[in-house]
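Working notes for the structure below.
The values are calculated or read from the model by the stated rules, or taken from the named source; none is laboratory data. Note that the structure is predicted; figures quoted are calculated from it, not measured. Because the Cβ atoms are built from the backbone with ideal geometry, glycine has one as well, and the counts that use them run over all protein chains shown.
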């Protein structure tokens, strides 16, 4: 069974999946947010890839507190738990989008292409951090 990582944003949700052993995370894609259709798309991906758990990025403030954006992510995670009936974990995602952007800049990826992949790369980074923490 695989673990799915979600980077929940205002307009898009970055999606990543672990390998079957739960060792590595790979970017899968992005889901455009629209009037609730994103929940059905996530449910489809969960079934299609036999996902057993989901990790949702929790954007904390730099001082560790949870702000408005974090509260929105917590509510989203709870909605997923109720809808999918699988474990949904929240994981500190501070600086994952910044790290993904930095990696893309270092690879000299154009702004237009960065915009298309940064969310799924951030999802892969947060999922990889979660997977690494489980092995320790």
message = Out of the residues in the range 54-85 meeting the condition of being part of a loop (DSSP other than H, G, I, E, B) and within 21 Å of residue 132 (Cβ to Cβ), tell me which one is nearest to the chain's Cα centre (by Cα).
response = 59
inquiry  = Can you tell me which residue is surrounded by the fewest Cβ atoms within 10 Å (Cβ to Cβ) among those in the range 1-53 that are without any contact (Cβ under 8 Å) to a residue 24 or more places away in the chain and part of a strand (DSSP E or B)?
reply    = 32
inquiry  = Of everything in the range 83-100, what is modelled with pLDDT of 90 or more and more than 16 Å from residue 72 (Cβ to Cβ)? Give them in sequence order.
reply    = 83, 84, 85, 86, 87, 89
request  = Could you give me the residue pairs with C-beta distances under 9 Å whose first residue belongs to the range 60-73 and is in contact (Cβ under 8 Å) with a residue 40 or more places away in the chain, whose second residue is assigned to a loop (DSSP other than H, G, I, E, B) and loosely packed, with under 10 Cβ neighbours inside 10 Å wherever it lies, and which are 6+ apart or on separate chains?
outcome  = 72/10
